[in-house]
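Asker: Got a structure for you, written out below as structure tokens; questions coming shortly.
The values are calculated or read from the model by the stated rules, or taken from the named source; none is laboratory data. For clarity, every value in this text was computed on a predicted model and none was experimentally measured. As a convention, Cβ positions derive from the backbone with ideal geometry for all residues, glycine included, and neighbour counts pool all protein chains shown. Ligands, DNA and RNA are excluded from the accessible area calculation, which covers all protein heavy atoms including side chains. Shrake-Rupley method; radii C 1.70, N 1.55, O 1.52, S 1.80 Å.
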Amino acid sequence: MRIEHHPLIPAAPGAQLELVSLHHGTPGRGPKVFIQASLHADEVPGMLVAHHLRQRLATLDAEGRVTGEVVLVPAANPIGLNQWMLRAPQGRFEWASGENFNRQFADLTQAVLDRVGDRLGADAAANVLLVRGALREAVAALPATTPLEQMRRTLLGLAIDADTVLDLHCDGEALLHLYTTNATWAPHGELLARSLGAEVALLAGRSGGDPFDEACSMVWTDLSGRLGPQRPLPPSCMAATIELRGEHDVDHALAARDAEAIVHYLHHRGAVRLDPAPALPATCCEPTPLAGSMPMHAPHGGVLVFLRAIGERVNKGDALAEVIDPISGVATPVVAPVDGLFFARECKRFAVAGMNIGKVAGREALRTGSLLSA
């Protein structure tokens with residue numbers, strides 16, 4: 001294992017932060033996998049999974065069983081890790097800009113076309129190599145005048161030429177679920193969902209907001225659409241956001257199981273070699289559209305009481321929670337917006353008016369516009 005340190009621009013004299021990446025295997029030999037944990041720095045389960053992964057990968061590397069390249073960033077957001085207020089972490093938004101740490105990653109489509117568009121031809125494999133080189137150059141040319149810009153550029157630079165990108169997050173309280181694109185679901189997204197035992201897989205062509213995973217994968221789809229069939233370019237990066245259940249699911253047994261599931265996926269992708277080879281689960285969850293993941297909102301402020309558990313199949317109109325105004329005594333039910341799986345809910349038990357308190361995954365795409373929460 002090789003350890004690399006990536007200092008960030010200090011926001012002020014003496015305020016030095018850095019990213020640390022752990023590198024396993026040999027660059028250029030076999031598929032490249034990039035894994036990062038807790039880009040939303042207050043979502044802790046990913047860091048514990050990364051802790052178990054680093055030990056497993058270090059052993060495999062020492063035994064010569066990393067057959068590709070695996071880059072692990074065990075704490076992807078040093079800026080957010082340093083944002084605490086009144087004993088509570090504030091790792092989702094950067095204080096200086098107000099920006100969500102997992103939004104506004106660069107779209108490199110035009111930059112790639114400017115660099116190599118006229119050199120792409122009928123050989124798909126050659127096109128992939130040219131595009132990967134152009135992507136690396138385009139990331140290196142991105143501006144970085146603030147710690148946040150440099151952090152984004154560094155993370156994107158580590159991941160942009162990878163075959164697989166796994167971004168480890170969590171929800172409030174949730175089933176293990178993942179987000180990926182329609183173009184990469186078959187076969188590699190489905191393989192990931194099977195390996196993890198994911199209970200929900202949410203697919204979108206583009207979710208909006210330019211999150212990290214889509215910055216790595218959507219550029220391939222966008223380029224392919226602009227190049228046309230005469231200059232073929234297959235979707236060469238399967239990127240997924242993995243939601244490792246809920247904020248409080250910080251448990252060694254769960255994390256060790258999730259880390260091993262990721263290692264099994266890496267075996268099936270050809271990045272590591274396990275002996276004996278792990279078997280794939282026979283079944284996978286049914287993928288549903290991200291536009292069919294329907295949020296529920298608190299009608300007013302008050303005590304939040306859930307009436308149904310996550311993991312339950314529900315019907316449209318079923319009461320899933322109620323919000324109780326402690327002053328007036330008014331108790332208002334919050335009902336399922338669609339038939340589907342109640343897969344995520346808020347972990348706090350007091351709501352303010354309009355707060356997103358849960359999600360039901362339905363089969364029909366009903367939402368448009370930006371599909372991710374703030």
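Asker: Would you mind getting the accessible area per residue of the stretch 286-353, heavy atoms of the protein chains only, 1.4 Å probe, in Å²?
Answerer: Result: 46 Å² per residue.
Asker: Right, another one. Using the Kirkwood radius over C-alpha pairs as Rh, can you work out the diffusion coefficient of the stretch 46-173 via Stokes-Einstein at 37 °C, viscosity 0.692 mPa s, in µm² per second?
Answerer: 190
Asker: Now a separate question. Taking the highest mean first, how do the peptides 332-342, 263-273 order by number of other beta carbon atoms within 10 angstrom per residue? Don't skip to the end; give the middle numbers.
Answerer: Details: 332-342: 18.7, 263-273: 20.9.
Those peptides, ordered most packed to least, come out 263-273, 332-342.
Asker: In the stretch 84-117, which trypsin sites (Lys or Arg not before Pro) are in a loop and have at most 14 other Cβ atoms within 10 Å, using DSSP for the loop call?
Answerer: Counting only loop positions with at most 14 other Cβ atoms within 10 Å, the trypsin sites (Lys or Arg not before Pro) in the stretch 84-117 are 87.
Asker: For the chain, what is the mean residue ellipticity at 222 nm derived from helices alone (per DSSP H run of n ≥ 4: -39500 (n - 2.57); sum divided by total residues; nearest 500 deg cm²/dmol)?
Answerer: The helix contribution divided over the chain gives -8500 deg cm²/dmol.
Asker: Let me ask something else. For all pairs of alpha-carbon atoms in the stretch 108-208, what percent lies in each bin of width 5 Å, listed from the first bin to the last filled one?
Answerer: Spelled out per bin, shortest first, that is 2, 10, 15, 17, 19, 16, 12, 6, 2, 0.
Asker: Let me ask something else about it. How big is the gap, in Å, between the Cα center of the stretch 1-57 and the Cα center of the stretch 229-277?
Answerer: Centre-to-centre (Cα) distance: 16 Å.
Asker: Let me ask something additional. Where Rh is the Kirkwood radius over the Cα pairs of the stretch 266-374, the temperature 4 °C and the viscosity 1.567 mPa s, what D in µm²/s does Stokes-Einstein return?
Answerer: D, rounded to a whole number, is 81 µm²/s.
Asker: Which lysines have a Cα less than 29 Å from the Cα of residue 348, not counting those fewer than 8 places away in the same chain?
Answerer: Residue 348 reaches 316, 359.
Asker: Of all DSSP beta bridges located in the chain, what percent are antiparallel, nearest 5? Don't skip to the end; give the middle numbers.
Answerer: Working: 42 of 67 bridges.
Rounded to the nearest five, the antiparallel share is 65 percent.
Asker: Just to confirm the number: angle between the C-alpha axis of helix 124-140 and the first principal axis of the chain, 0 to 90 degrees, nearest 10?
Answerer: Between helix and principal axis, roughly 70 degrees.
Asker: To the nearest 10 square angstrom, how much accessible area does residue 6 have with a 1.4 angstrom probe?
Answerer: About 30 Å², rounded to the nearest 10.
Asker: How large is the accessible surface of residue 316 in square angstrom, using a 1.4 angstrom probe and rounding to the nearest 10?
Answerer: 140
Asker: Of the heavy-atom accessible surface of the chain (probe 1.4 angstrom), what whole percent is carbon and sulfur?
Answerer: Values: 8710 of 15840 Å².
Accessible surface attributable to carbon and sulfur in the chain totals 55 percent.
Asker: Leaving ligands and nucleic acids out of the surface, order 350, 306, 34 by accessible area at 1.4 Å, largest first.
Answerer: 350, 306, 34
Asker: Quick one: which of 7-17, 187-197 comes out on top by average Cβ neighbours within 10 Å, and what's the full order, highest first?
Answerer: 187-197, 7-17
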